[in-house]
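Single-structure report; data block below.
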Amino acid sequence: MNFFLTAEELAEKINGKITGKSDIKVSGISDLINAKNTDVSFILSPKYLDSAVASNADVIISDTVEQIQNKTIIKVQNVKIAYIKAINIFHPQEKIAGKISEKSSISNSAQLGKDVFVDDFVVIKDSTKIGDETYIGAGTCIGKNCIIGKNVKIFPRVIIYDNTVIGDNTIIHSGAVIGADGFGFIEDNGQIIKVPQIGNVSIGKNVEIGCNTTIDRASFGSTVIEDDVKIDNLVQVAHNVRIGKGTVIAAQTGIAGSTKIGKYCMIGGQVGFVDHITIGDFVKIGAQAGVAKDLPDKSEVTGSPARPIKELRKAEAYMMKLEELFKKVKEIYNKLNK
C-alpha cells in the first residue's frame, strides 16, 4: 500500500536540507531513468546532471548538486547512505511471523528460539540450535550440532553441514553450501588418498553470502568468516581460509586452502588466490588478478600475476609503444647494415 511523504518530511528522515518546494509529495524511490513524478530519485555525481533534468522525478537527493532546473533538491552529506535510508522508508522489510511448517523435518533434540520461521521441506538435524526470529527457507538442510544466531535469514535450498556456527543477522542466499569437505588429497604409491576433513565453518555476525557460494570446512580447526564480511555469488572459499572483518569479495573469486585475508579488503571478481598466503588489511585487488604471494597492508594490485597497479599501468603504457619502438630499432639496424 502506497503512502505519501512531503519532500520536507523525507528530508527530515534522511538528514537532508530542502532547496525548492518543500510540500511536494513523493510515494516511492527510483533511478533517474525509470522514476515517476511521485518518486524521489538521486544523482551520484554532477556528470548525471542532464539525466536529472530530463527525469520525471520532481525530487532529487544529492550530495554535490544544490540546484537543478524545476526540481526540488534534498541536499545530504552522503547520497548513497541517504538513498539507502529512503529505500528502507518506502520499501520496509517485511516482518515474517514465526511458523513451523508441518512439512519440515526437525529433530527432537534441536532447539528453536522464539518466532523462528521454518518453511516446507526444511531438515534440521540433531542438537542444532536456532536463534530467535531466524528465517529458514524451503528445502534448506541443516546438519547436526550447528549453532545459528538470532535474526539470521537462510533462503531456500541452502545446505549447512554439521557443526557450522553462524552469527546474528547473517544472510545466506539460495544454493550456498556451507561446511562441505575441503579439497584435501595426498598421493601414495599412485593412489589418491582423501584426507578426512574434521573441522568446521565459523561465520560471524552481519555477514552476507551470495547464491551458490561454497565455504568448505577446515581440515582441523575452523574456516573463519569474520563479522561484516560480504561475499558475492559463486565464490569458493577453501578449507582453513580466514577472511577478516569487513572484507568485500566479488563474484567468481576462488581462495585456496589456508590463505588468510585481512580486514576491510576489497576484492574484485574472478580473483584467484593460491594456498597458504597472507593478505594484509585494507588491500585492494582488481578483477581477474592472480595472487600468488603475500601482500602487505594497503596494497593495491591487479593483473596476473598480481602486481602493484601503478607498476602494471606503466608496463601497459610501454607495451603500447612497442610497435613504434620496433620500427625505430629496425630503421637503425638497416642503416647500420648498409
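Before moving on, here are some points about what is shown:
- Candidates Asp120, Asp132, Asp63, filtered to the one that is within 21 Å of Glu208 (Cβ to Cβ) and acidic (Asp, Glu): Asp132
- If you filter segment 109-131 down to residues that are of a type in the set (D, E, K, R) and either closer than 18 Å to Asp162 by Cα or part of a strand (DSSP E or B) (or both), you find that the one that is farthest from the chain's Cα centre (by Cα) is Asp126.
- Odd one out for Val301, checked against (1) over 29 Å from Thr214 (Cβ atoms); (2) not in a loop (DSSP other than H, G, I, E, B): (1)
- Note on segment 26-37: residues that are in contact with a strand residue (DSSP E or B) (Cβ under 6 Å, 6 or more places away or on another chain) and surrounded by fewer than 19 Cβ atoms within 10 Å (Cβ to Cβ) amount to 1.
- Set side by side, the residues Gln111, Gln77, Gln69, Gln93 differ, and just one is free of Cβ contacts under 8 Å to residues at least 12 places away in the same chain and out of contact with any Gly (no Cβ under 6 Å at 6 or more places or on another chain), which is Gln93.
- The requirement of being of a type in the set (Asp, Glu), within 23 Å of Pro305 (Cβ to Cβ) and at pLDDT 95 or above is not satisfied by Asp228.
- Any hit, segment 264-284, residues being aromatic (Phe, Trp, Tyr) and surrounded by 18 or more Cβ atoms within 10 Å (Cβ to Cβ): yes
- When residues in segment 179-223 are screened for being aromatic (Phe, Trp, Tyr) and free of Cβ contacts under 8 Å to residues at least 60 places away in the same chain, 2 of them pass.
- Residue within segment 27-39 that is touching a residue at least 12 places away in the same chain (Cβ under 8 Å) and acidic (Asp, Glu) present: yes
- Leading residue by the ranking (nearest to Pro46 (Cα to Cα)) among those in segment 70-94 that are aliphatic (A, V, I, L, M) and surrounded by fewer than 21 Cβ atoms within 10 Å (Cβ to Cβ): Ile81
- Only one of Asp63, Asp50 that is under 11 Å from Gly16 (Cβ atoms) and without any contact (Cβ under 8 Å) to a residue 24 or more places away in the chain: Asp63
- Scanning segment 319-333 turns up no residue that is farther than 20 Å from Val237 by Cβ, modelled with pLDDT of 85 or more and outside any helix (DSSP H, G or I).
The values are calculated or read from the model by the stated rules, or taken from the named source; none is laboratory data. None of these values were measured; they are calculated from a predicted model. For neighbour counting, all protein chains shown are included, and Cβ atoms are generated from backbone atoms with ideal geometry for every residue, glycine included.
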